[in-house]
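The values are calculated or read from the model by the stated rules, or taken from the named source; none is laboratory data. Keep in mind it's a predicted model, so treat the numbers as computed, not measured. Cβ sites come from the backbone with ideal geometry, for glycine too, and all protein chains shown count toward neighbours. SASA here: full protein model, heavy atoms, side chains in, ligands and nucleic acids out. Shrake-Rupley method; radii C 1.70, N 1.55, O 1.52, S 1.80 Å.
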Amino acid sequence: MALIKNGAFADDTWIDANDNEALTDQATVVSLHRWQSETDVLKSRNAPLGLRLDAGESPEAIADDIDQFDLIKLNFPAFKDGRAYSYARMLRQRYGYTRELRATGNVLRSQLQFMHRVGFDAFEVDERITPEVYAEEVSRLHEVYQPSVDDEHPVFEKRVKK
Amino acid sequence: MYRYDEFDASLVKDRVDQFRDQVALRISGEITEDEFKPLRLMNGLYLQLHAYMLRVAIPYGTFDSRQMRMLAHIADKYDKGYGHFTTRQNIQYNWPKLDEVPDILRDLATVEMHAIQTSGNCIRNVTSDQYAGAAKDEIEDPRPWCEMIRQWSSFHPEFSFLPRKFKIAVTGAAHDRAAIQVHDIGATLTHNDNGETGFTIYVGGGLGRTPMLGKKIRDFVPRAELLAYLEAVMRVYNMHGRRDNLYKARIKILVHEIGAEEMIRLVDAEYEDIQKNGALGLPEEEIARILNYFAPPAFEPLDETDTSYAEKLNGDLAFANWAKTNIAEHKAPGYAIVNLSLKPIGDIPGDISAEQMYAVADLAERYSFDEIRATHEQNLTLPHVKQSDLYELWQKLTDQGLATPNIGLASDIIACPGLDYCNLANARSIPLAQEISNRFADLDRQHNVGPLKIKISGCINACGHHHVGHIGILGVDRKGKEYYQISLGGSADENTSVGKILGPSFDEHSITDAVETVVNTYLGLREDGETFLAAVGRVGLEPFKEALYGTD
Ligand code: SF4
């Protein structure tokens, strides 16, 4: 497993804590369940906090606490389960989340551009996906038809400008 | 007709290049069939019982002679010399070779065609009224909006991995020829009291094992906000649609489970938010640009009725018979809409040879402002023909075997591919369609029976739309044998209804007799001028049950 962040390999400095594990003062990612049951403790901690959301766990649940997190991981339990595409877009667009948004689970190379377009900037990928592969895949389609949360201008805007 | 600009062309080319790379990885063994599957499914390539099948999109069923010639070329060069028009206004090729598929897609791209999103759990080819732009009862041409939906839904980053496939149909006429109420989303173009254009939205219709009719969730969405509203519906579905059970994953189940009220509440909340944050309102310039492509062709000013046409109708019975069923009223005086039957007696519904495709291309160019339509009933339409050309056109169509005068009659059967091709099938559909067609071969008899839609599906997935057939036939499996269940009274127009099952199923040797018994029973009990559907509505199933199963 490798981590690609903003297009380059990056070290993963985060600890994924399960729900019973004692927390250290290192940057730690917790589940939604743990966040909800230990909100006060986690808020008063003095280290970066991350959150894992699985498919079926809408970011609506943390709408008021977005600022608490330095990392949000959205899981794709299977590539076919596309709920996290909507979650990502909501986080970026509706809730104004600006920090690291990471795709985990069944992340396929053919889906990198879509993930990028809805606001993911980090990806846990298998070894076959290198930064070179990432760069190629993420710009596969040179034009886009719809606005999303990336910087691409949809073709209807370009047409009007012409 | 819409024409690609450099942006559209660039996107299709990128996709072809990408798929060529993916096929190369598969052929060299670098990726497994399992890994390849989602990639090919994004490009309309299915693995069927005996071979790959490629489904090519004909967006909202509109195409021209140049495109038809390319479809013919592909049939000749890469397949066995024919293609098959489907119930979703697409064309399928049943025998492409994997290593040639990238070449097929490249060839298609040269005429602005593709196979994008003709399979997979994404927004599929949007369908429409095959008479769009020509129908007399039309409010406005729905196709510009279909084109906007096509673009918006292509490579949509958020909605390419939905719980299940998603089908949108749009119509712009009072009479619904696009079966919008059996689609995931159906949109009807309408004018509000201020004369503004917008859409009434239905959601949650569909066939399959749980047939349901769409529920109206919005009376009026202003036209410039159509995409924003659709985006709201899609987001609700993407997040809330069931993913735990393949058979409960369509949006109709979601709407059914949470109720229309709750659906409206969820969609409205998203819609409001998207309008605030998403900026998906189409600029007026872009709307105007696309509308412009669908401006009506330059119809000549003609009399309402052409005299030579009227004379021929009186003088030639065969022509008159054809005109009676295969021609529809055109909005422009002196013009007609011509339907080409792909259901010659005893043949495979929807099949067309390369030679016929070339001929249709020539005829479209010569007689129909270069426009062709594919219909969801697996026929073709030449939408804009001068009445004074009808006789000549009919003769040429007859030479090509495309003038069977049976549109809307007993032998104009819809059938899914069934067990001859499809690995989900319980039973064969095509041979049964052929047998029924042969049984009703006598045209006088068909005309006497009148409008009758027979629809056959090889399994509960209902690709043959059997639920909405006046007579619906469903292939079922009984102890490993092919059986067929009959339902009556279904309909897919503006009075959409789902047919009711008659009773125990029939084996392959008795099903055609059973259909004939049903038709004869109707003939015996109909009142003056009463159609089959109306008669079933009046008398119910009992008389038919009695005729088929006795009274015991
Ligand atoms: S209805 Fe069933 S048998 Fe027919 S094409 Fe669809 S899945 Fe295959």
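Checked against (1) touching a residue at least 40 places away in the same chain (Cβ under 8 Å); (2) in contact with a Leu (Cβ under 8 Å, 6 or more places away or on another chain); (3) within 16 Å of the ligand (Cβ to nearest atom), B:Thr512 passes all but condition (3). Here A:Ala55, A:Ala47 are screened, and the one residue that is closer than 30 Å to B:Leu41 by Cα and not basic (Lys, Arg) is A:Ala55. Within the stretch B:412-421, if we keep just the residues that are open to solvent by less than 30 Å² (accessible area, probe 1.4 Å) and either over 18 Å from the mean Cα position of the chain (by Cα) or hydrophobic (A, V, I, L, M, F, W, C) (or both), the residue that is nearest to the ligand (Cβ to nearest atom) turns out to be B:Cys416.
The test for being in a strand (DSSP E or B), of a type in the set (A, V, I, L, M) and open to solvent by less than 10 Å² (accessible area, probe 1.4 Å) holds for B:Ala187. Within the option set B:Ala224, B:Ala269, being farther than 17 Å from A:Glu157 by Cβ and within 14 Å of chain A (Cβ to nearest Cβ) holds for one residue only, B:Ala269.
Residue check: is A:Asp40 open to solvent by 40 Å² or more (accessible area, probe 1.4 Å), out of contact with any helix residue (DSSP H, G or I) (no Cβ under 7 Å at 6 or more places or on another chain) and not in a loop (DSSP other than H, G, I, E, B)? First the steps, then the outcome.
On the way: open to solvent by 40 Å² or more (accessible area, probe 1.4 Å): yes; out of contact with any helix residue (DSSP H, G or I) (no Cβ under 7 Å at 6 or more places or on another chain): yes; not in a loop (DSSP other than H, G, I, E, B): yes.
Against the criterion (open to solvent by 40 Å² or more (accessible area, probe 1.4 Å), out of contact with any helix residue (DSSP H, G or I) (no Cβ under 7 Å at 6 or more places or on another chain) and not in a loop (DSSP other than H, G, I, E, B)), A:Asp40 qualifies.
Would you check if there is a residue in the stretch A:98-106 being under 25 Å from B:Asp14 (Cα atoms) and within 11 Å of chain B (Cβ to nearest Cβ)? Within the stretch A:98-106 (the criterion being under 25 Å from B:Asp14 (Cα atoms) and within 11 Å of chain B (Cβ to nearest Cβ)), the answer is yes, since at least one residue qualifies.
Which residues, taken from the stretch B:84-124, are under 17 Å from B:Phe63 (Cα atoms), in a loop (DSSP other than H, G, I, E, B) and not hydroxyl-bearing (Ser, Thr, Tyr)? Once the filter is applied, which keeps residues that are under 17 Å from B:Phe63 (Cα atoms), in a loop (DSSP other than H, G, I, E, B) and not hydroxyl-bearing (Ser, Thr, Tyr), the stretch B:84-124 yields B:Arg88, B:Gln89, B:Asn90, B:Val111, B:Glu112, B:Met113, B:His114, B:Ala115, B:Ile116. Checked against the criterion of being under 30 Å from B:Phe319 (Cβ atoms) and among the hydrophobic types (A, V, I, L, M, F, W, C), the candidates B:Leu424, B:Leu397 yield just one match: B:Leu397.
Looking at the stretch A:55-90, which of its residues are more than 12 Å from chain B (Cβ to nearest Cβ) and without any contact (Cβ under 8 Å) to a residue 40 or more places away in the chain?
A:Ala61, A:Ile62, A:Asp64, A:Asp65, A:Ile66, A:Asp67, A:Gln68, A:Phe69, A:Ile72, A:Asn75
Residues in the stretch B:77-104 that are of a type in the set (Phe, Trp, Tyr) and surrounded by fewer than 18 Cβ atoms within 10 Å (Cβ to Cβ): B:Tyr78, B:Trp95. Here B:Leu302, B:Leu254, B:Leu246, B:Leu280 are screened, and the one residue that is surrounded by fewer than 20 Cβ atoms within 10 Å (Cβ to Cβ) and within 29 Å of the chain's Cα centre (by Cα) is B:Leu246. Of the residues making up the stretch B:219-243, just one is open to solvent by 10 Å² or more (accessible area, probe 1.4 Å), acidic (Asp, Glu) and touching a helix residue (DSSP H, G or I) at 6+ places or on another chain (Cβ under 9 Å), namely B:Glu225.
Okay, residues lined up against (1) open to solvent by less than 20 Å² (accessible area, probe 1.4 Å); (2) in contact with an Asp or Glu (Cβ under 6 Å, 6 or more places away or on another chain); (3) within 11 Å of chain A (Cβ to nearest Cβ):
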| site | (1), (2), (3) |
| --- | --- |
| B:Glu6 | no, no, yes |
| B:Lys13 | no, no, yes |
| B:Leu25 | no, no, yes |
| B:Ser28 | no, no, no |
| B:Phe36 | yes, no, yes |
| B:Gly44 | yes, no, no |
| B:Leu47 | no, no, no |
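Within the stretch A:123-150, restricting attention to residues that are within 18 Å of the chain's Cα centre (by Cα) and under 30 Å from B:Gln275 (Cβ atoms), which residue is nearest to the other protein chains (Cβ to nearest Cβ)? So, considering only residues that are within 18 Å of the chain's Cα centre (by Cα) and under 30 Å from B:Gln275 (Cβ atoms), the one nearest to the other protein chains (Cβ to nearest Cβ) is A:Ser148. The condition of being away from chain A (no Cβ under 14 Å), more than 11 Å from the ligand (Cβ to nearest atom) and of a type in the set (A, V, I, L, M) holds for only one of B:Ala403, B:Ala462, that being B:Ala403.
So that you can scan it fast, the table gives a plain yes or no per residue for (1) surrounded by fewer than 22 Cβ atoms within 10 Å (Cβ to Cβ); (2) of a type outside the set (A, V, I, L, M); (3) farther than 26 Å from B:Ala249 by Cβ:
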residue: B:Arg106; (1), (2), (3): yes, yes, yes
residue: B:Gln130; (1), (2), (3): no, yes, yes
residue: B:Lys136; (1), (2), (3): yes, yes, yes
residue: B:Cys146; (1), (2), (3): no, yes, no
residue: B:Ser154; (1), (2), (3): no, yes, no
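Taken over the stretch B:290-320, residues that are at pLDDT below 95 and within 14 Å of another protein chain (Cβ to nearest Cβ) amount to 0.
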